[in-house]
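What follows is a single structure, written as structure tokens, with notes after it.
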Amino acid sequence: MSGDRLTRRRLLLGATAATAALTGCLSGDGGSGETANNSGGTATTESQTATPAETSTPVTTTSDPTTTLDESAGVCAPWEGQTTSYDAAGTPFFCTYDYVAAWTPGESTSHSRGHFIRFTSPPVGDDDFALTLRVSQDNVPLTAAERDDEIEFLTNLDTEPREVVDEVTYDGESRPVLGLAEGTYPYYQPGLSVFLPYGSGSDRRYYGVGAVLFSGLGVSDEARPACIAAAEAAQSAVVQSLAPNPETTFEGA
């Protein structure tokens with residue numbers, strides 16, 4: 001591989017890393033906020049990365065705001081419920097998606113390498129524990145060949161390699177969703193990522209989009225299995241509902 005390609009790859013990985021040491025894949029926010037933490041407790045710093053890994057139980061949703069997820073999470077039941085469409089009109093996000101309506105969206109943020117928005121779950125349990133779900137979009141354009149190179153690179157990492165954990169259909173293409181292999185993280189899937197197309201013909205390029213969970217899992221051991229399922233369902237709902245945003249301000253490569 002050429003030196004230019006290696007430099008570009010490092011740029012992409014550095015710019016689009018959403019779970020720092022944990023995930024290192026796509027779409028970063030320039031390093032502001034919390035850190036994806038799946039090792040227990042509550043994380044306090046978010047590094048820049050976007051993405052990785054598995055949708056344990058894929059949830060199929062639609063943009064219909066009456067769509068309802070299975071409510072079976074016990075103490076974390078507030079993390080479930082109806083999904084609603086994120087209003088991406090007039091923003092640099094070239095895609096839109098559904099999210100669980102009980103989660104609160106923050107302000108969208110742009111930086112030199114991409115855009116992101118954080119959604120905060122309702123607080124649960126005696127300690128009012130809440131999760132953060134960050135949805136991010138990378139601004140580094142890749143050709144189809146470069147996209148495939150990146151996927152090959154990420155799935156062959158010596159440490160925490162990604163694997164294809166799901167698939168989504170977006171703008172007429174079936175795109176693999178990357179994540180960490182089940183069993184390599186203690187709680188919920190830290191992050192899911194996918195390269196989505198934007199543009200047409202010779203101008204069509206691919207950009208990393210990620211959905212990353214942050215803040216450990218501050219609930220009792222008994223509540224964890226159901227809370228993990230609820231967290232992953234909220235994350236998967238975003239990825240499974242990704243669709244083009246016809247009113248984006250994104251100009252592409």
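The values are calculated or read from the model by the stated rules, or taken from the named source; none is laboratory data. These numbers were taken from a predicted model, which means no experiment stands behind them. Cβ sites come from the backbone with ideal geometry, for glycine too, and all protein chains shown count toward neighbours. Calculation scope for accessible area: heavy atoms of the full protein, side chains included, ligands and nucleic acids excluded. Shrake-Rupley method; radii C 1.70, N 1.55, O 1.52, S 1.80 Å.
Note on segment 105-128: residues that are open to solvent by less than 20 Å² (accessible area, probe 1.4 Å) and part of a strand (DSSP E or B) total 6. In segment 220-232, the residues that are part of a helix (DSSP H, G or I) reach residues that are open to solvent by 60 Å² or more (accessible area, probe 1.4 Å) and at pLDDT 90 or above with C-beta atoms within less than 8 angstrom, at least six apart or across chains, in these pairs: A226/V75; C227/V75.
Can you find even one residue in segment 220-239 that is of a type in the set (S, T, Y) and farther than 24 Å from S85 by Cβ? I'd like the intermediate steps shown before the answer.
Step one: list which residues in segment 220-239 are of a type in the set (S, T, Y), which gives 220, 236.
Narrowing the set further to residues that are farther than 24 Å from S85 by Cβ leaves 220.
Yes; the residues of segment 220-239 include at least one that is of a type in the set (S, T, Y) and farther than 24 Å from S85 by Cβ.
Evaluate segment 180-189: report whether one residue or more is open to solvent by 50 Å² or more (accessible area, probe 1.4 Å) and within 20 Å of P244 (Cα to Cα). Scanning segment 180-189 turns up no residue that is open to solvent by 50 Å² or more (accessible area, probe 1.4 Å) and within 20 Å of P244 (Cα to Cα). Residues that are in contact (Cβ under 8 Å) with a residue 24 or more places away in the chain, surrounded by 19 or more Cβ atoms within 10 Å (Cβ to Cβ) and part of a helix (DSSP H, G or I) occur in segment 239-247; there is at least one.
From V209, V194, V168, which residue is of a type in the set (A, V, I, L, M), surrounded by fewer than 24 Cβ atoms within 10 Å (Cβ to Cβ) and assigned to a strand (DSSP E or B)? Give the derivation first.
Working: V209 fails: surrounded by fewer than 24 Cβ atoms within 10 Å (Cβ to Cβ); V194 fails: surrounded by fewer than 24 Cβ atoms within 10 Å (Cβ to Cβ).
That would be V168, the only listed residue that is of a type in the set (A, V, I, L, M), surrounded by fewer than 24 Cβ atoms within 10 Å (Cβ to Cβ) and assigned to a strand (DSSP E or B).
I117 satisfies every condition listed in (1) under 22 Å from T169 (Cα atoms); (2) free of Cβ contacts under 8 Å to residues at least 60 places away in the same chain; (3) β-branched (V, I, T) except (1).
Taken over segment 202-222, residues that are polar (S, T, N, Q) and at pLDDT below 90 amount to 2.
P225 passes every criterion in (1) modelled with pLDDT under 95; (2) surrounded by fewer than 24 Cβ atoms within 10 Å (Cβ to Cβ); (3) within 30 Å of T91 (Cα to Cα) apart from (3).
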